[in-house]
Amino acid sequence: MSRTLRVGTPILLLLLLGAVAWYASYATTVLVWELRKLLPWLAAPALLALLAGAPATARLLTHRLRGRRPTPAAGATVVLGWLGAAVGLALGALWLVYGEYLQDRAYVTTMRVVTDPVPELTARAPYLVGKAQAAPNLGDVTGEITDVSYLPDSDRFAVLVERRGWLTGYEVGLVQEVPLGGHSRAQQRCAFDVSAADARIGGWFTHNLGRKISAERRWVRFSADDAYVYCQGDTPVVVVPLKRQSGVLVVTERPAGVALYDGRTGRVTIADDTTKVPGPSYPISLAARQREGTAAVGGFADWWFERSGWDASEDGANEGNESEFTLRYRDGGGRSAYVTPLTPQGEASSVVAVSTVPTRHSGGGLAPLTVHRLSPTWSSPQAIVALIKAEYRDVCCWNDDQVFEVVPTGGSTWTATIGSEQSIRYRVEGRGQINGREATCLKNADGSLVRCAYAAPGSPEEQELRRREEQKQQEEAANGGAAPGDLTAYTDEQLAELNRRLSDEVNRRLKER
């Protein structure tokens with residue numbers, strides 16, 4: 001038995017060292033990341049041990065310097081030790097709390113609070129609709145959908161499908177158009193090479209995409225929800241926005257370029273210049289963390305008692321996608337942003353501000369976070385949904401129809417979409433509270449005006465309604481004071497004459513048969 005141990009132990013150690021070397025780039029990256037996250041927590045027991053042991057250590061050093069042998073600890077030393085332990089425990093707990101405050105402060109260093117209106121944004125199909133319409137368009141694909149992302153550059157939804165099995169990668173990427181109005185269903189599907197490109201996020205062993213990324217660049221990691229796919233011709237390319245850590249006791253994350261995974265060759269390349277990537281290159285998870293850090297815009301007491309900053313609206317109206325809406329700017333410059341309606345911390349649910357973070361950002365620092373204060377403020381998304389159901393009950397909500405995302409679309413306006421997951425039929429646009437009323441207008445999905453429950457004074461909708469009214473009056477004047485089909489303006493004699501002519505026409509057509 002001893003001989004077996006003598007022979008087997010070195011072999012086992014060699015195998016273990018080989019496995020460590022094989023996993024080194026990925027395992028060490030994960031280890032370093034997790035240890036750096038724990039540093040603030042390690043400071044608490046370090047303070048506890050330092051202050052608790054300081055009296056005994058000082059007494060021991062004093063005896064040695066005087067050349068005397070150490071004696072058992074005196075009562076005063078024990079008391080000081082316990083006192084130091086209590087102080088260390090209190091300071092450690094205070095540091096854990098204050099460290100979180102400093103972390104939030106580090107994330108809002110680029111924040112600006114302005115009263116300027118939100119830049120004009122382009123409405124898009126709701127995220128839940130894009131997700132629901134992915135499965136019917138995959139055809140004979142047997143894999144499972146793992147990610148649905150919106151690509152603002154091309155106004156498309158990208159779907160990443162994972163191949164079934166443990167030691168497998170992705171199966172296909174699907175990029176499809178989900179129009180807010182119209183019936184176009186342009187789509188492009190590109191398949192992965194199952195032998196050459198057999199890695200995926202969260203895969204096993206050599207099929208782990210994170211391991212391949214770490215082999216190209218250590219000390220960077222990513223969030224799975226940030227990744228997406230696009231089709232470069234027939235070649236799928238998985239884009240993984242990367243992050244790095246910054247700081248020692250206050251550890252935060254920063255952008256670190258993107259990793260591009262070729263779905264044909266399986267090759268991973270790291271790109272620091274992300275201008276040619278046809279989609280968001282700034283991690284959406286990092287944008288969300290910056291927005292959460294707005295709680296620290298005030299002092300520590302305000303942060304602790306939740307008296308400052310803003311929260312994303314979470315009243316259920318935008319269930320499934322409540323924050324960081326990826327929207328394009330309407331100026332035609334190709335820019336886009338992560339946009340979030342904000343409510344004040346506490347019980348209030350009205351939307352008082354809108355935050356924006358660009359989807360593209362150069363350099364290794366945080367992207368600028370801009371908080372636009374709204375004047376007037378909006379009602380909560382849940383209240384807006386209730387208002388839509390009350391004012392437009394003839395179009396909402398029957399069968400499977402529902403009100404989808406309530407998203408900012410610039411200035412003081414918001415847009416909500418109405419329809420089913422397979423067909424968007426209408427949109428409702430509002431302009432916040434005007435003179436105590438919520439100004440809303442119903443439009444077709446393509447943006448053409450249907451009617452308004454209350455048109456904001458001076459708005460394009462009010463001008464369009466005024467133009468229609470003038471046109472109607474002109475038609476009435478041309479038709480003797482009554483527009484065709486408007487029977488309320490007819491006299492009794494005119495109605496009798498109309499009825500006689502209608503009867504004559506019906507009899508004539510019956511005789512011709």
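The values are calculated or read from the model by the stated rules, or taken from the named source; none is laboratory data. Source: prediction; values computed, not measured. Counting neighbours? That spans all protein chains shown, and the Cβs are built from the backbone with ideal geometry, glycine included. Just so you know, the surface numbers come from the protein's heavy atoms only, side chains and all, with ligands and any DNA or RNA stripped out. Shrake-Rupley method; radii C 1.70, N 1.55, O 1.52, S 1.80 Å.
Taking label positions 7 Å along the Cα-Cβ direction at both L94 and R451, the computed distance is 6.5 nm, reported to one decimal. Surface composition of region 287-418: carbon plus sulfur atoms hold 46% of the accessible area, using a 1.4 angstrom probe and ignoring ligands, DNA and RNA. A 1.4 Å probe, protein heavy atoms only, puts the accessible area of K37 near 100 Å².
In region 347-398, the convex hull through the Cα atoms has an average projected area of 6.3 nm², a quarter of its surface area.
For region 98-246, averaging the sequence separation of C-alpha pairs within contact (under 8 Å, six or more residues apart) and dividing by the residue count gives a relative contact order of 17 percent. Extending 7 Å from Cα along the Cβ direction at A135 and again at R466 yields two label points whose distance is 5.0 nm. On alpha-carbon atoms, Rg over Rh for region 113-212 using Kirkwood Rh? Expressed as Rg/Rh, it is 1.10.
In the context of the full set of protein chains, region 216-363 has a per residue accessible area of 42 Å² (1.4 Å probe). For region 297-365, the gyration tensor built on C-alpha atoms gives an oblate shape. Its axis ratio a/c (a ≥ b ≥ c) is at least 1.5, and a/b is not larger than b/c. For region 272-314, what log10 I(q)/I(0) values come out of the Debye formula at q = 0.22, 0.32 1/Å, with one point per alpha carbon and no solvent? Log-scaled intensity ratios, in q order: -0.74, -1.06. Extension gain, S423-R185: 0.36 nm per intervening residue step, less the Cα-Cα distance, totals 84.5 nm.
Using a cut-off of 25 Å between Cα atoms, the listed pairs K443/K472; K131/K212; K37/K212; K37/K243 include K131/K212 as exceeding that distance.
In terms of packing, defined here as the mean over residues of other Cβ atoms within 10 angstrom, the peptides 117-123, 452-458 line up highest first as 117-123, 452-458.
When +1 charges are put on Lys and Arg Cβ atoms and -1 charges on Asp and Glu Cβ atoms, the dipole computed for region 281-374 relative to its Cα centre reaches about 600 debye.
Site pair Q433 and S503 shows an inter-label distance of 5.9 nm when each label is modelled 7 Å from Cα along Cα→Cβ. What is the Cα centroid distance between region 91-161 and region 351-407, reported in whole angstrom? Cα centroid to Cα centroid, the span is 14 Å.
Solvent exposure of region 115-192 amounts to 44 Å² per residue of accessible area, where only protein heavy atoms count and the probe is 1.4 Å. Maximal additional length on extending the L42-D394 stretch stands at 120.6 nm, based on 0.36 nm per residue less the C-alpha distance.
Based on the Kirkwood radius over alpha-carbon pairs, what is the Stokes-Einstein translational diffusion coefficient of region 153-228 at 20 °C with 1.002 mPa s viscosity, in µm²/s? In µm²/s, the coefficient is 152.
Here region 200-283 exposes an accessible surface that is 48 percent carbon and sulfur, computed with a 1.4 Å probe and the other protein chains kept in place.
Shown here: region 95-144, whose C-alpha atoms stretch 55, 36, 13 Å along the first, second and third principal axes, sorted largest to smallest.
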